[in-house]
Amino acid sequence: MVTSGLVAGFVGSAGMAYATYTVVADVAHMTASSGHLDAVQVGAARLSAELYPGGSSPVIVTLSNPNHAAVRIIGVTADPIIARTTGCAATNIAFDAIGNLGVPVAGDARRIDVPLGSVVRMLTNAPLACQRAEFTIPVRVTVELPPA
């Protein structure tokens, strides 16, 4: 059995356009300028089951979207895994990247739990030293504006 800690990583951002509208006499003028999205924040990520050799665990990521606009999660990856226990290398754990998610996150959302499925797994030939081992898995979430 392995309990694994997950930590938040950098969250991608996407471009957003906004427009201002003014009326002069009976003629309308519209100006558009490019804006940006603030980074969606990953507050926590956790396993919902213990790992064992050949097993996997669902992951739940807690996100906050500080933007007024809703976004979609389009991908989740992990940066290099860090082993916290002697004798059990980080190479005994794998994080399966997810693409094409399309999970919506409402604007101004705070602490939304997003289940990712069984994306963390322990290799079948993991040594006995991996029992109760701890790992840090930096998670990277990529978001975009939903199509108009």
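The values are calculated or read from the model by the stated rules, or taken from the named source; none is laboratory data. Treat the numbers as computed from the prediction; the structure is a model and nothing was measured. Reconstructed Cβ throughout: ideal geometry from the backbone, glycine too, with neighbour counts over all protein chains shown.
Residue by residue, here is whether (1) within 13 Å of the chain's Cα centre (by Cα); (2) polar (S, T, N, Q); (3) surrounded by fewer than 13 Cβ atoms within 10 Å (Cβ to Cβ); (4) under 21 Å from residue 51 (Cβ atoms) holds:
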site: 92; (1), (2), (3), (4): no, yes, no, yes
site: 98; (1), (2), (3), (4): yes, no, no, yes
site: 105; (1), (2), (3), (4): yes, no, no, no
site: 109; (1), (2), (3), (4): no, no, no, no
site: 119; (1), (2), (3), (4): yes, no, no, yes
site: 124; (1), (2), (3), (4): no, yes, yes, yes
site: 129; (1), (2), (3), (4): no, no, no, yes
site: 140; (1), (2), (3), (4): yes, no, no, yes
site: 143; (1), (2), (3), (4): yes, no, no, no
Hits in the stretch 69-90 - residues which are more than 13 Å from the chain's Cα centre (by Cα) and more than 30 Å from residue 129 (Cα to Cα): 69, 70
Can you tell me which residue among 66, 58 is farther than 19 Å from residue 116 by Cβ, within 22 Å of the chain's Cα centre (by Cα) and either surrounded by 13 or more Cβ atoms within 10 Å (Cβ to Cβ) or modelled with pLDDT of 90 or more (or both)? 66
